[in-house]
Amino acid sequence: MSYEPKNSRYEKMHYRRCGSSGLKLPAISLGLWHNFGEDYDHNSKRIICQAAFDNGITHFDLANNYGPPPGSAEEAFGEILKTDFSKFRDELIISSKAGYNMWDGPYGEWGSRKYLISSCDQSLKRMGLDYVDIFYSHRFDPDTPLEETMGALDYIVRSGRALYAGISSYNSNRTRQAVEILKELGTPCLIHQPSYNLMNRWVETDGLLDTLDELKIGSIAFTPLAQGLLTDKYLSKIPTDSRAMQGKSLNKTMISSNMMKNLNHLNDIAVARGQTLAQMAISWVLRKERVTTALIGASSARQILDCVGAIENLEFSGVELEEIDRYAKEESINLWAKSAEL
Ligand SMILES: NC(=O)c1ccc[n+]([C@@H]2O[C@H](COP(=O)([O-])OP(=O)(O)OC[C@H]3O[C@@H](n4cnc5c(N)ncnc54)[C@H](OP(=O)(O)O)[C@@H]3O)[C@@H](O)[C@H]2O)c1
């Protein structure tokens, strides 16, 4: 079935400037980490991407290893680009990354020049693209000189494979070093991609958000819904169709009865604000302009529509924020903590 995007697609979404760059990103972006592998029906993937674009989500985030199997999310998105978005490439911001294990042998992960450049070429091929808009170092590599990793990002941009460079899950100190090197090379760091949500606030304690503010670099907060925990899905039980039940990157043991109680308290606060819990969780990460965009995932168009509704209420009173802090307890859900410790 052919697809024509809605003419109204730019009416409601807010677009925020990414740091001090010229690029604006939608307040909500869509990531294809889950639900875009071979374990998911292709038509559902199309419907999710169409719902996103119809609602002003112009930014789609990928990585070499998204699947399963690794690479299949980029292949699926490449198909969608061909069938649905071919006329709209200039309306889209597409990103990819390299850093985690992608192929066998010593050149298939981490941060060497060899890995980053060949991985970027593979991603472009899988998506059928001449360039991505943003290319990221997916994680800091303690065994490769940072000059080499940043030099590879600089080369990827200079050679036309990407328009901008970004880093993901680097701590505040490593971010300062990476940004300085990129500046010297003449390819400024556009954006940082850290995990951040009501139950995972390392970017506040590490000082990363303050650092990004000071350096005038944008940020894209991933897992703003704590992989779905901060939604109405888990308020009474762990549903069979959820990520936690499928044991993907969430599992049942991560969900305690105390967490469920806190989620219900947070849900009550959201209802009092006229929002769903998912909407309040997204509004909360976006409450200050220093988070440029909230990077959500979705398994249906309905979830996209619900999430997009968050932008209708981004203001919080001091009383609301205090009450949220009573129940938004740090939980052991930050799967990326190790990368930020390096
Ligand atoms: N840089 C990195 O290292 C890194 C790491 C992880 C993720 N990311 C990026 O961040 C993106 C988002 O990650 P994520 O998918 O974990 O984010 P998330 O937004 O925290 O969780 C998405 C999940 O929440 C559930 N959900 C979404 N909207 C909902 C709604 N309105 N009502 C009820 N449930 C809802 C769905 O779960 P079900 O599928 O169970 O329905 C969905 O798959 C990824 O796709 C990727 O692009 C980056």
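Only the coordinates and a few stated rules stand behind these numbers; no lab work does. The model shown is predicted, which means the values in this text are computed figures rather than measured ones. We place every Cβ from the backbone using ideal geometry, glycine too, and count neighbours over all the protein chains shown.
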* Structure fact -> Of the stretch 252-286, those with amide N under 20 Å from the point 7 Å along the Cα→Cβ vector of GLU315 are 269-276, 279-286
* Is the shape of the stretch 1-132 best called rounded, prolate or oblate, per the rule: a/c under 1.5 gives rounded, else a/b larger than b/c gives prolate, else oblate, with a ≥ b ≥ c the square roots of the Cα gyration tensor eigenvalues? -> oblate
* To do: Using label points projected 7 Å from each Cα along Cα→Cβ, tell me how many nm separate HIS42 and LYS82, to one decimal.
  => 0.8
* For the stretch 1-56, Kirkwood radius (reciprocal of mean inverse C-alpha pair distance, Å) -> 13.0
* How big, on average over all directions, is the shadow cast by the Cα convex hull of the stretch 216-273, in nm²? -> 5.4
* **Spatial separation of Cα centroids for the stretch 10-83 and the stretch 96-165, in angstrom** => 19
* Asked: Calculated from DSSP H runs of 4 or more alone, at -39500 (n - 2.57) each and per residue, what is the 222 nm mean residue ellipticity of the chain, nearest 500?
  -> -11500 deg cm²/dmol
* Asked: Ranked from highest to lowest mean number of other Cβ atoms within 10 Å per residue, what is the order of the peptides 64-75, 315-326, 295-306?
  -> 64-75, 295-306, 315-326
* **Bridge type composition, the stretch 10-341 - antiparallel percent by DSSP, nearest 5** => 15
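For the stretch 196-249, which trypsin sites (Lys or Arg not before Pro) pass both filters: DSSP loop (anything but H, G, I, E, B) and at most 15 other C-beta atoms within 10 Å? Don't skip to the answer; put the middle values down first.
Numbers: sites: ARG201, LYS216, LYS233, LYS237, ARG243, LYS248; in loops: ARG201, LYS216, LYS237, LYS248.
Sites meeting the loop and neighbour criteria: LYS216, LYS237.
Grab the eigenvalues of the alpha-carbon gyration tensor for the stretch 10-341, scale each by 5, take roots, and send me the semi-axes largest first in whole angstrom.
Numbers: eigenvalues 175, 101, 77 Å².
Computed over the stretch 10-341, the values are 30, 22, 20 Å.
What's the Cα-based Rg to Rh of the stretch 229-320, Rh via Kirkwood?
The Rg/Rh ratio comes out at 0.97.
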